[in-house]
1. Residues that are surrounded by fewer than 17 Cβ atoms within 10 Å (Cβ to Cβ) and modelled with pLDDT of 95 or more: does the range 33-45 have at least one?
2. For the subset of the range 193-211 comprising residues that are surrounded by fewer than 17 Cβ atoms within 10 Å (Cβ to Cβ) and of a type in the set (A, V, I, L, M), which member is nearest to the ligand (Cβ to nearest atom)?
3. Keeping to the range 1-32, report how many residues are in contact with a Phe, Trp or Tyr (Cβ under 6 Å, 6 or more places away or on another chain) and either surrounded by fewer than 17 Cβ atoms within 10 Å (Cβ to Cβ) or of a type outside the set (G, A, S) (or both).
4. Return a yes/no flag: does the range 55-62 have any residue that is β-branched (V, I, T) and in contact (Cβ under 8 Å) with a residue 40 or more places away in the chain.
5. Has the range 178-192 got at least one residue that is buried (at least 19 other Cβ atoms within 10 Å of the Cβ), among the acidic types (D, E) and more than 11 Å from the ligand (Cβ to nearest atom)?
6. Residues that are within 26 Å of K109 (Cα to Cα) and touching a residue at least 12 places away in the same chain (Cβ under 8 Å): which helices (runs of 4 or more DSSP H) entirely in the range 164-241 hold 3 or more of them?
7. Residues in the range 22-52 that are more than 15 Å from the ligand (Cβ to nearest atom), within 17 Å of the chain's Cα centre (by Cα) and assigned to a loop (DSSP other than H, G, I, E, B): how many?
8. Does at least one position in the range 83-105 carry a residue that is modelled with pLDDT of 95 or more, over 22 Å from M222 (Cβ atoms), under 17 Å from the mean Cα position of the chain (by Cα) and of a type in the set (D, E)?
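The values are calculated or read from the model by the stated rules, or taken from the named source; none is laboratory data. Just so we're clear, the structure is a prediction, and the values are computed from it rather than from any experiment. Neighbour counts are summed over all protein chains in view; Cβ atoms, including those assigned to glycine, are modelled from backbone coordinates with ideal geometry.
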Amino acid sequence: MKIDILGVQFDNVTLKEAVEEGLTFAGGEGFHYVVTPNPEIVNLARQDAAYREILNKASLVLPDGIGVVHAGKILGTQLKERVPGIDFATGILPQLVKEGRRLYLLGAKPGVAQKAAEQLKQQYPGLLICGTGDGYFTDNELVTEQLREANADVVFVCLGAPKQERWMAQYGPSSGAKLMVGLGGVLDVFSGEVKRAPELWQKFGLEWFYRLLHQPARIGRMAKLPLFLVTAWKARQKEKV
Ligand code: UDP
């Protein structure tokens with residue numbers, strides 16, 4: 001079931017359901033991509049119809065961030081839960097190991113994907129990482145070719161928004177991969193460069209605040225979030241009249 005939040009059609013799924021679906025894509029036929037919009041991405045999509053279409057054409061649209069869940073409530077719809085991209089990514093890993101699927105890590109600054117690969121292989125023994133690449137490339141065809149040569153089944157695409165979603169939609173189908181997931185700064189976390197909020201903060205929906213404390217430069221981006229909720233509220237008022 002889809003839930004519309006300011007023009008973006010979210011899948012109303014639990015993390016468990018999302019993981020199951022993702023694994024079906026990874027082992028199936030054809031190409032699928034998964035997007036994980038947070039309020040910032042929804043805001044971008046409101047101003048850019050082509051980008052909005054790319055998001056809405058994804059096989060799974062997961063509500064990353066408590067802000068999206070709150071906006072849903074304001075709009076009178078209840079998403080089952082927040083499904084952070086990073087939890088979806090780690091959720092599929094054990095089964096990728098079992099099924100022997102090939103994972104490629106693409107994105108972040110040079111060296112980070114490689115470091116993330118080493119960390120993940122330690123945490124998930126047997127994980128088959130078939131290649132890594134940084135996210136500051138200019139030759140898109142070359143990267144697509146590298147994914148094909150690596151015979152990647154699943155690619156974590158971490159180029160930041162809106163670049164990663166556009167990239168997956170345009171280059172994914174010819175990459176030979178079955179599943180691509182747009183994951184923003186997740187490789188920075190996997191590599192250990194950036195720490196994720198402790199579980200209690202996550203549970204209380206305060207992950208954004210933890211991030212702000214540790215990366216104060218994000219204040220400009222985050223200042224737009226309250227505005228996002230106000231936009232949702234205004235949209236709801238319009239619906240009522
Ligand atoms: N990035 C990249 N290529 C680019 C721009 C950004 O690989 O051309 C990477 C950047 O190094 C970072 C990630 O994309 O690892 C974006 O992280 P951010 O924290 O902004 O994303 P969020 O998790 O907030 O979506």
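1. Filtering the range 33-45 down to residues surrounded by fewer than 17 Cβ atoms within 10 Å (Cβ to Cβ) leaves none.
No.
2. Step by step, filter the range 193-211, then rank; the result is V194.
3. Of all residues in the range 1-32, those in contact with a Phe, Trp or Tyr (Cβ under 6 Å, 6 or more places away or on another chain) come to 3, 18, 32.
Right, trim to either surrounded by fewer than 17 Cβ atoms within 10 Å (Cβ to Cβ) or of a type outside the set (G, A, S) (or both) and you get 3, 32.
Looking only at that region, the number is 2.
4. Step one: list which residues in the range 55-62 are β-branched (V, I, T), which gives 61.
Keeping just the survivors that are in contact (Cβ under 8 Å) with a residue 40 or more places away in the chain gives 61.
For the range 55-62, residues β-branched (V, I, T) and in contact (Cβ under 8 Å) with a residue 40 or more places away in the chain: present.
5. no
6. Working: elements: 186-190, 199-203, 207-214, 219-222, 224-240.
Output list reads 186-190, 207-214.
7. Restricting attention to the range 22-52, the residues satisfying the condition of being more than 15 Å from the ligand (Cβ to nearest atom) are 22-33, 46-50, 52.
Imposing the further condition that a residue be within 17 Å of the chain's Cα centre (by Cα) reduces the set to 22-23, 25-26, 31-33, 52.
Then keep just the ones that are assigned to a loop (DSSP other than H, G, I, E, B); that gives 31.
Number satisfying all stated conditions: 1.
8. The answer is no, given that none of the residues of the range 83-105 is modelled with pLDDT of 95 or more, over 22 Å from M222 (Cβ atoms), under 17 Å from the mean Cα position of the chain (by Cα) and of a type in the set (D, E).
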